[in-house]
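Worksheet: the structure to be examined is printed underneath.
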Number of protein chains: 2
Amino acid sequence: MKVLTKKTDYAIRALLMLGAKRGSYVSARTIAVEQDMPYQFLRGVLQEMIRHDLIVSKEGVQGGFMLEKDPDEIRVKQLIEIFQGTVQVSECMFRKQICANRSRCVLRHEIMRIEQVVNNEFEQVTIGKLLRKLTLADHVMLASGNMEATENK
Amino acid sequence: MKVLTKKTDYAIRALLMLGAKRGSYVSARTIAVEQDMPYQFLRGVLQEMIRHDLIVSKEGVQGGFMLEKDPDEIRVKQLIEIFQGTVQVSECMFRKQICANRSRCVLRHEIMRIEQVVNNEFEQVTIGKLLRKLTLADHVMLASGNMEATENK
DNA sequence: TTAATTGATATCAATATAGTGTCAGTTTAG
DNA sequence: CTAAACTGACACTATATTGATATCAATTAA
Ligand code: FES
Ligand code: FES
């Protein structure tokens, strides 16, 4: 059972990188190379995030993506919803018989309670929190990229 | 995002039915018809549960499946593990760079914490608890099946 | 002008989930 | 003793989801 798919995974990591390099545009190519993600796939993810106003972009040479929204307002829950749809524990168990009485069904109740808990957890985690939790060393890595790519030219 | 797959769903519902009719054998056909599940698919699910010693079976006419284990010891968590594999939020985010230092990675930490919470929730829910939560009306339905199928012959 | 970029889409491949079919062996009612 | 109702054990198909690639037009800075 996998809770986060690649899209969500890549989205979080891309946002962390944009968060670490705030103020400047970072190209999809750069993110893809440094974080080791498939380029075209990542681009799709980034575009989806643009559509949801999480990031902005600039076309052309020196273009790329930039994080504008406050990192503390980007919740992992939202990312999951964007890339994996609303969390639902089960479509609707117990169709035929018990479901005749949806509102009363205690099973559904129990399941929905768990749904609530899970959602709550993911709602707590924001890109901002994750950024702050990164150790200095990690942070530097995220901000500067890998060495080959950064050799002072 | 779907947390419970059909297999888990069917497994829970089948167990509830077996739990409601404890002591007697219930055939896959009966469960399938009364709970509206695909017969062969359900059979696969039942066999899997036998392999994990959750239920026992009897072949031949008047045969079927029976719940032997204490319903309070059958946790939804175990069912999820059987039919969907261990819960893992993400394979392992942040491969290339940060992962050089797995033990230190705070992101992984955060993710694993949530994993813990989710697992905990599903560990709390047992077939026994669900059975007790069923209202009397539901219980009767589960135990007696639908009317057409039960007409005293 | 050209190379580095994003926008927008179309398509494909891989994997996971859901469901069906078949046949051999067991049991019990008649 | 036999037929019908069962499970055991697989092999198979279908559908959906996820992951990834490819193409081409438009934009921009050097
Ligand atoms: S689960 Fe659908 S109503 Fe009980
Ligand atoms: S997530 Fe793999 S180590 Fe940080």
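Quick notes on this structure:
- The stretch A:1-59: number of residues that are within 13 Å of chain B (Cβ to nearest Cβ) and either among the acidic types (Asp, Glu) or outside any helix (DSSP H, G or I) (or both): 10
- Within the set A:GLY85, A:GLY64, the sole residue that is within 16 Å of DNA strand D (Cβ to nearest atom), at pLDDT 75 or above and open to solvent by less than 20 Å² (accessible area, probe 1.4 Å) turns out to be A:GLY64.
- The stretch B:61-78 - residue that is away from every other protein chain (no Cβ under 11 Å) and assigned to a helix (DSSP H, G or I) and, of those, farthest from B:VAL26 (Cα to Cα): B:GLN78
- Among the residues making up the stretch A:3-28, a single one is open to solvent by 50 Å² or more (accessible area, probe 1.4 Å) and in contact with a Lys or Arg (Cβ under 9 Å, 6 or more places away or on another chain): A:TYR25.
The values are calculated or read from the model by the stated rules, or taken from the named source; none is laboratory data. Quantities reported herein were computed from a predicted structural model and do not represent experimental measurements. Using ideal geometry, Cβ is built from the backbone for each residue, glycine included, and neighbour counts are taken over all protein chains shown. Just so you know, the surface numbers come from the protein's heavy atoms only, side chains and all, with ligands and any DNA or RNA stripped out. Shrake-Rupley method; radii C 1.70, N 1.55, O 1.52, S 1.80 Å.
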